[in-house]
1. Considering the options Tyr55, Ala149, Val76, tell which one lies farthest towards the positive end of the dipole of the chain, charges being +1 on Lys and Arg and -1 on Asp and Glu at the Cβ, about the Cα centre.
2. Just the number, please: carbon plus sulfur as a percent of the accessible area of the chain, 1.4 Å probe, no ligands or DNA/RNA counted.
3. At a Förster radius of 30 Å, what calculated FRET efficiency corresponds to the Cβ-Cβ distance of Phe130 and Thr51, to the nearest 0.05?
4. Ignoring everything except DSSP H segments at least 4 long, calculate the 222 nm mean residue ellipticity for the chain; use -39,500 (n - 2.57) per segment, divide by total residues, nearest 500.
5. Quick check: net charge around Val56, other residues with Cβ under 14 Å of its Cβ, Lys/Arg +1 and Asp/Glu -1?
6. On a 0 to 90° scale, report how tilted helix 46-67 is relative to the longest principal axis of the chain, with both axes built from alpha carbons and the result rounded to the nearest 10.
7. Any idea what the dipole of segment 25-117 comes to, in debye rounded to 20, about its Cα centre with Lys/Arg Cβ at +1 and Asp/Glu Cβ at -1?
8. Over the chain, what number does the Rg to Rh ratio reach, with both radii from the alpha-carbon atoms and Rh per Kirkwood?
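The values are calculated or read from the model by the stated rules, or taken from the named source; none is laboratory data. Everything numeric here is computed off the predicted structure, so don't read it as measured data. Glycine gets a Cβ as well: all are built from the backbone with ideal geometry, and neighbour counts include every protein chain shown. Surface areas here come from the heavy atoms of the whole protein model, side chains and all, with no ligands, DNA or RNA. Shrake-Rupley method; radii C 1.70, N 1.55, O 1.52, S 1.80 Å.
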Amino acid sequence: MANGEDLLWDAVDKGMAFAPRLRRTAVTAGCAGLFVLVLWAYTDAVWAAWTIAAYVLVEIAYRVWDRQRLVEVDLVVSEADGLVRLRLRRAGGRTTEHDPQHVARVLIIRDNVVDSAKLRLCLKGKAALFGRSGRLPAVAAWRKACPRARVQDRNAWWGMPGVPD
């Protein structure tokens, strides 16, 4: 079924891009903090302080979620027992291997505007895994690699404004 390594999913952006997000958060929090200090003298600016705190918490939550997103899915032959395994690599660098028979569902969502797609992968008994935007994979390769999985592809439910879907 697998010859060496077969690439099933490959994200376009595999890095964490931590510095731009940290810079954006710091600049926004700094500007908002200055705004709060100016307003504090004239009005009750507690709502602005809560807004800043909420923004920073949302950025932190997004970063934690983004670290878990899939950037690469390979079909590899395990060196220990010679069985075919599904290797999942996440944006944070963590790599896990799973039996392809334990894949319950694969959903590939094609973008309506750009030639790219997003991946949703469900393993039996585990939460769904989301992939970063990547090149459009072959659905037939997923069906061959994961014979028990329900493999589907569909267009995104949104499109470019002014262009009919």
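1. Towards the positive end, the residue furthest out is Ala149.
2. 61 percent
3. For Phe130 and Thr51, the calculated efficiency is 0.60.
4. -11000 deg cm²/dmol
5. It works out to a net charge of +3.
6. Around 20 degrees separate the two axes.
7. Value, rounded to 20: 60 debye.
8. 1.13
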